Amino acid sequence: MASRLEYKYLVPENLLPKIRAEVLIYTNYDPYAEIRPNKDYTVRSIYLDTVDLLCYIEKYEGYKIRNKYRIRVYNEPKEDSLVFLEIKRKNENFISKDRAKLYLNDLQSLFHSKNVEEYVLARVDGIGGYDEAKKFLFHYFSKQLVPSSLVVYEREAFVGKFGYDLRLTFDKNLRGSVNPAYKDIFEERNLRAAFPNYFILEVKFHQTFPAWIPRMITKYGLQRISISKYTNCIDINKNQMHFSSSLAF
């Protein structure tokens, strides 16, 4: 995936209808949001970290180059639910992502066998995500990554009408827990709210930043911030943190 810039803003919930109305002048809902009843979908990610929380620490210490590792699903569980293995890479202000997909029911078998050719599915372009999966497994085993946090939110996603390679997202009702098992990825119990009465606005683009976005940001007095869903969900659950060498499926 090509590197892109990603700007984030923490926005009071009461501004959501006004900001949505302005955004929809210049964008359309993305296809996955468009088909959902409320024009949003649920994102569920188990973040992986070392036993000493190296990824968490690197974020707080402000490392300019760092990775996050996560296992992601969407919406409600189904018999053929897909799961995505993701490495999100940050290099200064630029973000890129490696991603491979497989059936959730095959996740345990992949980890045990490491056979990406058998379990990883082809991308939309017909090319298998084997290299991406191999990179994920390399980090998974070499760093001895363990599930550290379950992060869940509802996302409204928009794509630009007029080019710019622009994507905006409203991430709502951010909530999380710590020390999940992989089988708990669809779990809603014990999730704690990270930012009650706020949502996270993310603006994602490659080069050109359309002029209407700075006007909107200024109009509503929003401040660009560095915010991590993962680290904030760890913070609100710190008293429950523990690690086990047994990774339950």
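The values are calculated or read from the model by the stated rules, or taken from the named source; none is laboratory data. What you see is a predicted model; the values in this text were computed from it and never measured. For neighbour counting, all protein chains shown are included, and Cβ atoms are generated from backbone atoms with ideal geometry for every residue, glycine included.
Could you go through the range 112-130 and let me know if any residue there is at pLDDT below 95, part of a helix (DSSP H, G or I) and within 18 Å of Ile71 (Cβ to Cβ). Yes, the range 112-130 contains a residue that is at pLDDT below 95, part of a helix (DSSP H, G or I) and within 18 Å of Ile71 (Cβ to Cβ). Residues in the range 29-88 that are small (Gly, Ala, Ser) and touching a strand residue (DSSP E or B) at 6+ places or on another chain (Cβ under 7 Å) were compared, and the one that is surrounded by the fewest Cβ atoms within 10 Å (Cβ to Cβ) is Ser81.
All conditions but one from (1) over 14 Å from Arg70 (Cα atoms); (2) in contact with a Cys (Cβ under 9 Å, 6 or more places away or on another chain); (3) of a type outside the set (Gly, Ala, Ser) apply to Phe162; the one that does not is (2).
For the residues Asn173, Asn179, the requirement of being over 16 Å from Glu13 (Cα atoms), within 20 Å of the chain's Cα centre (by Cα) and not hydroxyl-bearing (Ser, Thr, Tyr) singles out Asn179.
Counting only strands (runs of 3 or more DSSP E) that sit wholly inside the range 1-88, those with at least 2 residues that are within 17 Å of the chain's Cα centre (by Cα) and aliphatic (A, V, I, L, M) are 4-12, 41-49, 65-74.
One residue alone among Ser142, Ser96 is small (Gly, Ala, Ser) and at pLDDT 95 or above, and that residue is Ser142.
Please work out which residue is farthest from Lys64 (Cα to Cα), limiting yourself to the range 90-111 and to residues that are touching a residue at least 40 places away in the same chain (Cβ under 8 Å) and not in a helix (DSSP H, G or I). Among them, the one singled out is Arg99. Residues in the range 173-225 that are charged (D, E, K, R), assigned to a strand (DSSP E or B) and surrounded by fewer than 20 Cβ atoms within 10 Å (Cβ to Cβ): Arg192, Glu202, Lys204, Arg224.
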